[in-house]
Each structure stands twice: as structure tokens, then as C-alpha cells.
Amino acid sequence: MTSEPEILFDVQQGLGLITLNRPKALNALTLDMIREMEQVLPAWENDSAIKAVIVRGAGDRAFCAGGDVAGLYREMRDDPSGTLRRDFFREEYIINRRIYRYRKPWISLIDGIDMGGGVGLSAHGSHSIATEKFMFAMPETAIGLFPDVGGGYFLCRLRGALGVFLALTGHRLRAADALWAGIVQAYVPGAKLPELVAALDAADLAGESSRRKVDGVIAQFAEDPGAPSLPAIIEDIDRCFSGGTLQEIVTKLRAHNEWAQKQLDVLAKMSPTAMKVTLEQLRRCANRSFEDTMTIEYRIVQACMRPGHDFFEGVRALLIDKDQNPKWNPPTIEGVTAQMVEAHFEPVANDLVFE
Ligand code: QUE
């Protein structure tokens, strides 16, 4: 039996090309894919024949739908002392940081779904390109998790309360809105991507100004994605989602408009624990370095992997049994104590610390 590799590496001319290759699983990241990347990326960074790295997803639906949380769920159920939950996030966050610090252009071609772990592979690179099929979200509060993979870094740096809104509601963005928010750098129609890659291949990208040279090549293919929808609601977002506690956000939404009632309906489905932890994550990560952010996120995620956490119930309800009916514990935001939130921020035995 021959099985398809989960991730493909290819060097074309002067480009390192990575293809996430689990199309049936929307290219969700496994630990093996992460380990293979860690084998290749340092070598490519030091290889003078490679000018830039391009990342894309196989198939026609997704760039990357996130981490392989179903795999984490199965381990919790079948092998409670397994090490996947410890190693997966540690090694994933090390890759996120490697991308953030990468000394060569890191260009993501996002022709489909880009959620959670996929955002961690794209948003910290130098260039993200969205097509007409682009769909961004940080939907983790729906499964009892929080916007990790450096969400604590880039969400805090979006304008106003946009990051808090995206993190709590999991609101989806298409290309025009992601471009407006600064989450991607250009819109290029999917049909033009092969031509763009060929042009990058042919371009002289060497030297200090390689990022700007990539900007110039992308600009030759970039088009107008149409009008964004966020400008019409950004004042509502800032008014309702800025400052304060989760209860204060809910109070402001209740007193606001029809749009705000829809946001309350969305929040009512999310894990109360995950929402409070997310708000505290964004508060603590504001103005922190990328490395400090990943240390904080690793502590939080290890707390989420403990038996009985909403994470397992969320994955069960949304991705395994698909009954769409998670039984959150505690079931209300009033039931989530400060102590329960605080327990997500305590140092862990195998803390993730960068020198
Ligand atoms: C929230 C999430 C994730 C999600 C759905 C949510 C997530 C994730 C996946 C996912 C999707 C398809 C797959 C897969 C995982 O869905 O993080 O293995 O094939 O990875 O509501 O955070």
C-alpha cells in the first residue's frame, strides 16, 4: 500500500514550495506535517539557492482548516497518558515562531479556507495572498479552545476592537475584508496564481530588499476584491467589544442594535470558559513579543488539554459526533470564576520558553 505524503516539499528554480496535502481533511495540520516542516525550514533559510518560500494547500477547498484536533480528541479518549497533546502544540508554536522570524519572504497562497492552525502558518509570514475562495476565521471558542498559533500576537495588533470581535465570535472574513483589516496583503484571482508563482520564480529576489521585490511582483497580479463589509460595522464592533469584561461586552450588545443581537446569538453557542480565557489572553498578550505570546499560549493550551476541559466536549459536538450541541461546563459566563480563568495562565512543567 502506498499512501500519499501529508506534506510535499519541492524546490523550483529559486523557490521552496510547500504543499499541505491532506485535501480530504481540509489540509488540517498533523504533528508529522509540523515535524517535516521543522526538518526543512532551517535548511532552506540557510540555502543561498532558495530566495523565498511559498506555501499552499492541495485540493480546491482549503489552504488549511486548522490543527488536527480530531487526532487530539482520539488520543484523549483512547490513550489518556499519550504525548500528542503535549508535543503537538509545542512543535506547532515553534513553527509559528520560525515563520515570524524567517529571514526570507514567506508567501502564503490562500485559495480557500484558512482557519486556526492555518492562520498560524500564513499570518506571521511576510506575504499572504487571498483569492475569491479565501475564507478566514479564528473559530476556536466554538470548540472550547482559544485563538492560539500567535492569535494573541496578531489579533491584538488589528485596529480597535476588531481582534477581540474576531476572537470571540469566530466571524469569517472573505478577501476584501481581510485586505481591509491587514490580515492579507493582496487579492489575486485563483486562476492567476500559477502565473504569479512563475513570475516569482523568474524574479531576482536576492538581497536586503527581497520583501519589497516580492511586493512588486505581487502588485503585477493584484486586483480589486470589491468592497469590504467591515467598514459598515466597525463602529458597532468598537463600541461593543472594546475594553471591559465579557459580561460588560454582553451588556453593551444587549443595549445596542439588531446586529448586536445577532452577535449575542453567536456568543451564546461558544464555550463560556473559552470566551473568558480568550479575553484574558488578548489582554495579557497586548504589547508582548511574539516569543512571550507563545509562552503564554502554550500554558493556556496545556490547561485546555486537561481531562474534563470544554475542548474535548467542543470537538466531540462539532467535529466527531456532529450533534452541534456541546454541553459546556460551566454552562454560563457567570459560572466561570476568576480562579478558573487564572488556572489557564499558570506555568506548566514543560514551559515553552525561547532564548
Ligand atoms: C473550530 C476550530 C476548528 C474547526 C472547527 C471549529 C479547528 C479545526 C477544524 C478542522 C476542520 C476540518 C478537519 C479537521 C479539523 O475545525 O481548529 O481535521 O478535517 O482544525 O468550529 O477551531
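Please treat every number below as a calculation from the coordinates, not as lab data. What you see is a predicted model; the values in this text were computed from it and never measured. Ideal geometry is used to build each Cβ from the backbone, glycine not excepted, and the neighbour counts take in all protein chains shown.
Here the peptides 219-228, 77-86, 33-42 are ranked by packing, the mean other Cβ count within 10 Å, and the order with the highest first is 33-42, 219-228, 77-86. Here the label points at residue 159 and residue 8, each 7 Å from Cα along the C-beta direction, are separated by 3.9 nm in the simple model. Charging the Cβ of each Asp and Glu at -1 and of each Lys and Arg at +1, and nothing else, the dipole of the stretch 269-355 about its Cα centre rounds to 300 debye. Per residue of the chain, the DSSP helices (runs of n ≥ 4 H) give a summed -39500 (n - 2.57) that works out to -13000 deg cm²/dmol at 222 nm.
Compute the FRET efficiency between residue 172 and residue 345 as 1/(1 + (r/R0)^6), taking r as their Cβ-Cβ distance and R0 = 25 Å, and round to the nearest 0.05.
Between residue 172 and residue 345 the formula returns 0.30.
What the pair-distance distribution of the stretch 50-157 shows, using all Cα-Cα distances binned every 10 Å from zero, is 14, 43, 33, 9, 1 percent.
Stokes-Einstein diffusion of the stretch 103-218 at 10 °C, 1.306 mPa s viscosity, Kirkwood radius from Cα pairs, rounded to a whole number: 108 µm²/s. When the charge dipole of the chain is built from unit charges on Cβ atoms (+1 for Lys and Arg, -1 for Asp and Glu) and taken about the Cα centre, the candidate among 341, 17, 96 whose Cα reaches farthest toward its positive end is 341.
Its Cα centre serving as origin, the stretch 1-142 has a Cβ charge dipole (Lys and Arg +1, Asp and Glu -1) of approximately 360 debye. Extension gain, residue 192 to residue 329: 0.36 nm times the residue separation minus the Cα-Cα distance gives 44.6 nm.
Once you divide the Cα radius of gyration of the chain by 2.2 N^0.38 Å, the number left is 0.97. Paramagnetic label reach from residue 202 (point 7 Å along Cα→Cβ; backbone nitrogen cut-off under 16 Å): within the stretch 2-27, residues 13-15. Only one residue of 46, 260, 63 has its Cα farthest out toward the positive end of the dipole of the chain, where Lys and Arg carry +1 and Asp and Glu -1 on Cβ, and that residue is 260.
Mind ranking 21-31, 341-351 by how tightly packed they are, going by the mean number of other C-beta atoms within 10 angstrom, highest first? Each step should come with its number before you reach the end.
Values: 21-31: 20.5, 341-351: 13.4.
Top of the packing list down: 21-31, 341-351.
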